[in-house]
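The values are calculated or read from the model by the stated rules, or taken from the named source; none is laboratory data. What you see is a predicted model; the values in this text were computed from it and never measured. Areas reflect the complete protein model, heavy atoms only, side chains present, ligands, DNA and RNA absent. Shrake-Rupley method; radii C 1.70, N 1.55, O 1.52, S 1.80 Å.
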Amino acid sequence: MADQTEDRIVSLFPATAGDVAPPREVYERLELVARMLRGAPAPASSHFGLWWLDSDGKVAAVPAGVKPMVIGRDASCDLILESPRLSRRHCAIRRFNGGLAALEIEDLGSSNGTWVNGVRLPIQGRRILFDGDVVEIGGVALVVAVPGPAGGPSR
Amino acid sequence: MITTNESLLDRLRADNAQEAWREFFAAYWGVILRYGRKMGLRQDQAEDVLQETMVVLMRKLPEFVYDRRKGRFRNFLLTIVHRRALAVFGREARNPAVAWEELSPELVNQVSKDHRGGESEAQARWREALLEEALRRLRCDGRLGAGTLAVFEAYVVRAEPAIQVARRFKMTENSVYQIRNRVLRRVKAEVRRLQQSAGDPLEP
(Lines give C-alpha, C1' and ligand atoms only; values in the text may rest on other atoms or scores of the structure.)
Protein backbone atom coordinates (compact mmCIF):
# COMPACT_ATOMS: atom_id res chain seq x y z
CA MET A 1 0.00 0.00 0.00
CA ALA A 2 2.82 2.42 0.87
CA ASP A 3 4.55 1.95 -2.52
CA GLN A 4 1.29 2.37 -4.43
CA THR A 5 0.52 5.56 -2.54
CA GLU A 6 3.96 6.94 -3.20
CA ASP A 7 3.75 6.07 -6.87
CA ARG A 8 0.46 7.87 -7.08
CA ILE A 9 1.84 10.94 -5.34
CA VAL A 10 4.76 10.97 -7.73
CA SER A 11 2.48 10.73 -10.73
CA LEU A 12 0.43 13.69 -9.52
CA PHE A 13 3.19 16.07 -8.52
CA PRO A 14 3.37 18.88 -9.55
CA ALA A 15 0.86 18.97 -12.39
CA THR A 16 -2.14 19.48 -10.19
CA ALA A 17 -0.84 21.70 -7.44
CA GLY A 18 -2.36 25.13 -7.82
CA ASP A 19 -4.74 24.24 -10.64
CA VAL A 20 -7.87 24.61 -8.51
CA ALA A 21 -8.79 28.18 -7.73
CA PRO A 22 -10.06 29.01 -4.23
CA PRO A 23 -13.83 29.46 -4.33
CA ARG A 24 -14.86 33.05 -4.72
CA GLU A 25 -17.24 34.16 -2.02
CA VAL A 26 -18.62 30.63 -1.57
CA TYR A 27 -17.80 30.59 2.10
CA GLU A 28 -19.34 34.01 2.70
CA ARG A 29 -22.57 32.76 1.16
CA LEU A 30 -22.44 29.62 3.25
CA GLU A 31 -22.09 31.68 6.42
CA LEU A 32 -25.30 33.44 5.47
CA VAL A 33 -27.02 30.11 4.79
CA ALA A 34 -25.87 28.77 8.14
CA ARG A 35 -27.25 31.81 9.89
CA MET A 36 -30.59 31.35 8.18
CA LEU A 37 -30.74 27.66 9.11
CA ARG A 38 -30.01 28.49 12.75
CA GLY A 39 -32.67 31.18 12.98
CA ALA A 40 -35.26 30.02 10.46
CA PRO A 41 -38.84 29.53 11.60
CA ALA A 42 -39.60 25.82 11.99
CA PRO A 43 -39.76 23.61 10.10
CA ALA A 44 -36.68 24.82 8.23
CA SER A 45 -36.17 21.42 6.66
CA SER A 46 -39.37 21.63 4.60
CA HIS A 47 -39.40 25.31 3.69
CA PHE A 48 -39.39 25.87 -0.07
CA GLY A 49 -38.83 29.54 -0.77
CA LEU A 50 -36.69 32.38 0.51
CA TRP A 51 -35.06 33.39 3.78
CA TRP A 52 -33.72 36.80 4.70
CA LEU A 53 -32.98 38.96 7.74
CA ASP A 54 -35.68 41.44 8.62
CA SER A 55 -35.11 44.91 10.08
CA ASP A 56 -34.84 43.37 13.59
CA GLY A 57 -32.16 40.97 12.46
CA LYS A 58 -34.46 37.96 12.68
CA VAL A 59 -34.76 35.36 9.97
CA ALA A 60 -37.89 35.83 7.92
CA ALA A 61 -39.22 33.34 5.42
CA VAL A 62 -41.65 33.33 2.54
CA PRO A 63 -42.76 30.26 0.56
CA ALA A 64 -42.44 30.11 -3.21
CA GLY A 65 -45.23 28.66 -5.29
CA VAL A 66 -45.96 27.98 -8.92
CA LYS A 67 -47.39 31.46 -9.36
CA PRO A 68 -44.66 34.14 -9.68
CA MET A 69 -44.00 36.09 -6.50
CA VAL A 70 -43.11 39.67 -7.36
CA ILE A 71 -40.59 41.34 -5.06
CA GLY A 72 -40.05 45.06 -4.83
CA ARG A 73 -40.88 48.33 -3.09
CA ASP A 74 -44.33 48.78 -4.51
CA ALA A 75 -47.45 47.98 -2.47
CA SER A 76 -48.68 45.78 -5.29
CA CYS A 77 -45.78 43.35 -4.82
CA ASP A 78 -46.25 39.96 -3.22
CA LEU A 79 -43.15 40.52 -1.11
CA ILE A 80 -42.48 44.12 -0.17
CA LEU A 81 -38.97 44.96 0.99
CA GLU A 82 -38.04 48.40 2.18
CA SER A 83 -34.85 49.36 0.46
CA PRO A 84 -34.33 52.56 -1.52
CA ARG A 85 -32.16 50.65 -3.95
CA LEU A 86 -34.94 48.28 -4.87
CA SER A 87 -37.02 48.99 -7.91
CA ARG A 88 -40.75 49.22 -7.43
CA ARG A 89 -41.19 45.83 -9.13
CA HIS A 90 -37.70 44.41 -8.99
CA CYS A 91 -37.85 40.69 -9.72
CA ALA A 92 -40.12 37.65 -9.57
CA ILE A 93 -39.53 34.19 -8.15
CA ARG A 94 -41.49 30.99 -8.58
CA ARG A 95 -41.00 27.24 -8.45
CA PHE A 96 -39.18 25.92 -11.46
CA ASN A 97 -41.42 23.85 -13.68
CA GLY A 98 -38.85 21.78 -15.53
CA GLY A 99 -38.33 18.58 -13.59
CA LEU A 100 -35.74 19.96 -11.17
CA ALA A 101 -36.18 20.78 -7.51
CA ALA A 102 -35.45 24.47 -7.92
CA LEU A 103 -36.82 27.98 -8.08
CA GLU A 104 -36.66 30.35 -10.99
CA ILE A 105 -35.93 34.06 -10.80
CA GLU A 106 -36.61 36.75 -13.38
CA ASP A 107 -35.34 40.29 -13.30
CA LEU A 108 -38.18 42.70 -14.09
CA GLY A 109 -36.03 45.45 -15.54
CA SER A 110 -34.61 46.61 -12.21
CA SER A 111 -32.36 49.66 -12.06
CA ASN A 112 -29.74 48.23 -9.70
CA GLY A 113 -29.88 44.69 -10.94
CA THR A 114 -30.67 41.24 -9.64
CA TRP A 115 -27.60 39.34 -8.47
CA VAL A 116 -27.29 35.61 -7.90
CA ASN A 117 -24.17 34.36 -6.14
CA GLY A 118 -22.40 37.56 -7.03
CA VAL A 119 -23.29 37.46 -10.72
CA ARG A 120 -25.69 39.97 -12.15
CA LEU A 121 -28.59 38.71 -14.26
CA PRO A 122 -29.10 40.36 -17.61
CA ILE A 123 -31.90 42.91 -17.53
CA GLN A 124 -35.14 40.91 -17.69
CA GLY A 125 -33.03 37.79 -17.63
CA ARG A 126 -33.92 34.50 -15.93
CA ARG A 127 -32.00 31.97 -13.95
CA ILE A 128 -32.66 28.76 -12.04
CA LEU A 129 -31.98 28.87 -8.30
CA PHE A 130 -30.84 25.97 -6.12
CA ASP A 131 -30.61 25.31 -2.41
CA GLY A 132 -28.24 27.75 -0.74
CA ASP A 133 -28.02 30.23 -3.62
CA VAL A 134 -27.97 33.84 -2.51
CA VAL A 135 -30.01 36.46 -4.33
CA GLU A 136 -29.01 40.07 -3.72
CA ILE A 137 -31.42 42.85 -4.67
CA GLY A 138 -31.17 46.43 -3.52
CA GLY A 139 -28.72 45.48 -0.78
CA VAL A 140 -30.99 42.76 0.61
CA ALA A 141 -29.67 39.19 0.63
CA LEU A 142 -32.21 36.42 0.16
CA VAL A 143 -31.17 32.80 0.64
CA VAL A 144 -32.86 30.20 -1.51
CA ALA A 145 -34.30 27.17 0.27
CA VAL A 146 -35.04 24.10 -1.84
CA PRO A 147 -35.24 20.99 0.33
CA GLY A 148 -35.52 17.42 -0.97
CA PRO A 149 -38.72 16.10 -2.46
CA ALA A 150 -39.65 14.28 0.71
CA GLY A 151 -39.97 17.55 2.51
CA GLY A 152 -36.52 17.78 3.90
CA PRO A 153 -33.39 15.86 4.80
CA SER A 154 -33.85 12.49 6.36
CA ARG A 155 -31.83 10.88 9.08
CA MET B 1 -11.03 24.27 21.27
CA ILE B 2 -11.03 20.60 20.32
CA THR B 3 -10.74 18.18 23.23
CA THR B 4 -8.75 15.04 22.76
CA ASN B 5 -11.94 12.96 22.50
CA GLU B 6 -14.06 15.35 20.43
CA SER B 7 -13.92 15.08 16.68
CA LEU B 8 -14.72 17.80 14.24
CA LEU B 9 -17.79 15.82 13.31
CA ASP B 10 -19.12 16.06 16.86
CA ARG B 11 -18.47 19.79 16.90
CA LEU B 12 -20.33 20.23 13.62
CA ARG B 13 -23.43 18.82 15.28
CA ALA B 14 -23.21 21.15 18.25
CA ASP B 15 -25.36 24.26 18.57
CA ASN B 16 -22.51 26.74 18.36
CA ALA B 17 -20.75 25.21 15.38
CA GLN B 18 -19.62 28.24 13.39
CA GLU B 19 -15.95 27.69 14.06
CA ALA B 20 -16.27 23.96 13.34
CA TRP B 21 -17.92 24.68 10.00
CA ARG B 22 -15.12 27.09 9.18
CA GLU B 23 -12.58 24.34 9.89
CA PHE B 24 -14.52 21.79 7.90
CA PHE B 25 -14.76 24.12 4.92
CA ALA B 26 -11.07 24.94 5.12
CA ALA B 27 -10.26 21.24 5.23
CA TYR B 28 -12.43 20.09 2.35
CA TRP B 29 -13.06 22.89 -0.13
CA GLY B 30 -10.04 21.91 -2.22
CA VAL B 31 -10.87 18.21 -2.22
CA ILE B 32 -14.49 18.78 -3.22
CA LEU B 33 -13.57 21.24 -5.95
CA ARG B 34 -10.99 18.82 -7.33
CA TYR B 35 -13.48 15.99 -7.27
CA GLY B 36 -15.90 18.09 -9.30
CA ARG B 37 -13.19 19.00 -11.79
CA LYS B 38 -12.22 15.36 -12.11
CA MET B 39 -15.83 14.58 -12.95
CA GLY B 40 -15.39 16.95 -15.90
CA LEU B 41 -17.08 20.01 -14.44
CA ARG B 42 -15.98 23.58 -15.05
CA GLN B 43 -14.69 25.67 -12.15
CA ASP B 44 -18.04 27.44 -11.68
CA GLN B 45 -19.88 24.12 -11.75
CA ALA B 46 -17.43 22.61 -9.26
CA GLU B 47 -18.12 25.61 -7.00
CA ASP B 48 -21.83 24.79 -7.25
CA VAL B 49 -21.03 21.25 -6.10
CA LEU B 50 -19.03 22.66 -3.20
CA GLN B 51 -21.78 25.06 -2.16
CA GLU B 52 -24.55 22.53 -2.43
CA THR B 53 -22.58 19.84 -0.63
CA MET B 54 -21.95 22.20 2.26
CA VAL B 55 -25.61 23.23 2.38
CA VAL B 56 -26.72 19.58 2.47
CA LEU B 57 -24.34 18.91 5.34
CA MET B 58 -25.51 22.01 7.20
CA ARG B 59 -29.07 20.76 6.92
CA LYS B 60 -28.38 17.12 7.71
CA LEU B 61 -25.56 16.98 10.22
CA PRO B 62 -27.21 18.62 13.23
CA GLU B 63 -29.78 15.83 13.31
CA PHE B 64 -27.62 13.11 11.90
CA VAL B 65 -26.87 10.14 14.12
CA TYR B 66 -23.56 8.80 12.94
CA ASP B 67 -23.53 5.04 13.23
CA ARG B 68 -20.05 3.82 12.48
CA ARG B 69 -21.42 0.35 11.71
CA LYS B 70 -23.34 1.72 8.73
CA GLY B 71 -20.26 3.06 7.05
CA ARG B 72 -17.53 5.65 7.29
CA PHE B 73 -18.35 9.30 7.33
CA ARG B 74 -16.14 9.89 4.34
CA ASN B 75 -18.29 7.56 2.24
CA PHE B 76 -21.37 9.56 3.20
CA LEU B 77 -19.52 12.74 2.33
CA LEU B 78 -18.32 11.26 -0.94
CA THR B 79 -21.85 10.14 -1.77
CA ILE B 80 -23.19 13.64 -1.26
CA VAL B 81 -20.43 15.17 -3.36
CA HIS B 82 -20.89 12.60 -6.09
CA ARG B 83 -24.66 13.10 -6.23
CA ARG B 84 -24.32 16.86 -6.37
CA ALA B 85 -21.81 16.56 -9.19
CA LEU B 86 -24.21 14.36 -11.14
CA ALA B 87 -27.01 16.81 -10.48
CA VAL B 88 -24.95 19.70 -11.78
CA PHE B 89 -24.22 17.71 -14.91
CA GLY B 90 -27.91 17.04 -15.28
CA ARG B 91 -28.80 20.69 -15.06
CA GLU B 92 -26.58 21.54 -17.96
CA ALA B 93 -28.56 19.14 -20.14
CA ARG B 94 -31.82 20.13 -18.45
CA ASN B 95 -32.27 16.46 -17.86
CA PRO B 96 -35.38 15.93 -15.78
CA ALA B 97 -34.30 12.42 -14.94
CA VAL B 98 -31.43 13.69 -12.83
CA ALA B 99 -33.24 15.10 -9.85
CA TRP B 100 -32.47 15.54 -6.22
CA GLU B 101 -32.50 12.30 -4.25
CA GLU B 102 -32.46 11.73 -0.57
CA LEU B 103 -29.34 10.21 0.87
CA SER B 104 -30.00 6.52 1.44
CA PRO B 105 -27.96 3.52 2.52
CA GLU B 106 -28.46 2.04 -0.95
CA LEU B 107 -26.92 5.09 -2.58
CA VAL B 108 -24.00 5.01 -0.17
CA ASN B 109 -23.43 1.38 -1.06
CA GLN B 110 -23.33 2.24 -4.75
CA VAL B 111 -20.61 4.81 -4.25
CA SER B 112 -18.54 2.62 -1.98
CA LYS B 113 -19.31 -0.68 -3.65
CA ASP B 114 -16.49 -2.43 -5.31
CA HIS B 115 -17.16 -4.21 -8.56
CA ARG B 116 -13.79 -5.74 -9.12
CA GLY B 117 -12.47 -6.38 -5.65
CA GLY B 118 -10.84 -2.95 -5.34
CA GLU B 119 -12.14 0.56 -4.62
CA SER B 120 -14.90 2.11 -6.66
CA GLU B 121 -14.19 4.75 -9.30
CA ALA B 122 -15.65 7.39 -7.05
CA GLN B 123 -13.39 6.37 -4.17
CA ALA B 124 -10.35 6.40 -6.44
CA ARG B 125 -11.29 9.84 -7.68
CA TRP B 126 -11.74 11.03 -4.09
CA ARG B 127 -8.38 9.61 -3.05
CA GLU B 128 -6.67 11.43 -5.92
CA ALA B 129 -8.44 14.64 -4.97
CA LEU B 130 -7.16 14.23 -1.40
CA LEU B 131 -3.59 13.74 -2.59
CA GLU B 132 -3.73 16.74 -4.88
CA GLU B 133 -5.15 18.92 -2.16
CA ALA B 134 -2.43 17.76 0.23
CA LEU B 135 0.22 18.75 -2.32
CA ARG B 136 -1.38 22.12 -2.87
CA ARG B 137 -1.45 22.82 0.85
CA LEU B 138 2.18 21.95 1.28
CA ARG B 139 3.12 24.22 -1.59
CA CYS B 140 1.03 27.13 -0.37
CA ASP B 141 1.79 27.21 3.31
CA GLY B 142 5.56 27.15 2.97
CA ARG B 143 6.20 24.05 5.02
CA LEU B 144 8.40 22.85 2.23
CA GLY B 145 10.99 25.30 1.00
CA ALA B 146 11.30 26.21 -2.64
CA GLY B 147 14.68 24.49 -2.77
CA THR B 148 13.26 21.28 -1.35
CA LEU B 149 10.44 21.31 -3.87
CA ALA B 150 12.85 21.98 -6.70
CA VAL B 151 14.97 18.99 -5.73
CA PHE B 152 11.86 16.81 -5.44
CA GLU B 153 10.60 17.93 -8.84
CA ALA B 154 13.93 17.29 -10.49
CA TYR B 155 14.48 13.85 -8.97
CA VAL B 156 10.98 12.47 -8.59
CA VAL B 157 8.88 14.23 -11.22
CA ARG B 158 11.36 14.69 -14.02
CA ALA B 159 13.18 11.49 -13.06
CA GLU B 160 16.60 13.01 -13.39
CA PRO B 161 19.42 10.81 -12.05
CA ALA B 162 20.11 11.43 -8.39
CA ILE B 163 23.75 12.16 -9.02
CA GLN B 164 22.84 14.83 -11.56
CA VAL B 165 20.38 16.47 -9.19
CA ALA B 166 22.89 16.35 -6.36
CA ARG B 167 25.51 18.12 -8.48
CA ARG B 168 23.09 20.79 -9.65
CA PHE B 169 21.86 21.58 -6.17
CA LYS B 170 25.27 21.13 -4.60
CA MET B 171 24.32 18.38 -2.20
CA THR B 172 25.03 14.70 -1.70
CA GLU B 173 23.01 11.96 -3.36
CA ASN B 174 21.90 10.87 0.06
CA SER B 175 20.39 14.32 0.64
CA VAL B 176 18.39 13.94 -2.57
CA TYR B 177 16.96 10.64 -1.36
CA GLN B 178 16.15 12.15 2.00
CA ILE B 179 14.27 15.03 0.40
CA ARG B 180 12.20 12.62 -1.67
CA ASN B 181 11.26 10.64 1.42
CA ARG B 182 10.56 13.76 3.47
CA VAL B 183 8.21 15.26 0.90
CA LEU B 184 6.34 12.00 0.49
CA ARG B 185 5.97 11.68 4.27
CA ARG B 186 4.60 15.21 4.46
CA VAL B 187 2.06 14.52 1.73
CA LYS B 188 0.85 11.37 3.41
CA ALA B 189 0.65 13.15 6.77
CA GLU B 190 -1.40 15.93 5.20
CA VAL B 191 -3.80 13.40 3.73
CA ARG B 192 -4.15 11.79 7.15
CA ARG B 193 -4.86 15.21 8.65
CA LEU B 194 -7.62 15.79 6.12
CA GLN B 195 -9.19 12.43 6.86
CA GLN B 196 -8.94 12.83 10.60
CA SER B 197 -10.52 16.26 10.55
CA ALA B 198 -13.88 14.56 10.08
CA GLY B 199 -13.26 12.10 12.88
CA ASP B 200 -12.63 9.35 10.38
CA PRO B 201 -10.04 6.76 11.38
CA LEU B 202 -7.16 6.12 9.07
CA GLU B 203 -7.31 3.44 6.48
CA PRO B 204 -5.29 0.33 7.37
Descending Cα extents along the principal axes, region A:45-155, whole Å
43, 33, 26
Please work out the C-alpha center-to-center distance from region B:115-186 to region A:62-141 and express it in whole Å.
49
Sorted by accessible surface (1.4 Å probe, heavy atoms of the protein chains only), largest first, B:K170, A:K58 come out as B:K170, A:K58
Give the accessible area for B:D10 in Å² (nearest 10); use a 1.4 Å probe, count only protein heavy atoms, and leave out ligands, DNA and RNA.
60
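Inverting the mean 1/r over all pairs of different Cα atoms, compute the Kirkwood radius of region B:125-187 and quote it in Å.
Averaging 1/r across every pair of different Cα atoms and inverting gives 12.1 Å.
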Mind grabbing the accessible area of B:E153 for me, 1.4 Å probe, Å², rounded to tens?
40
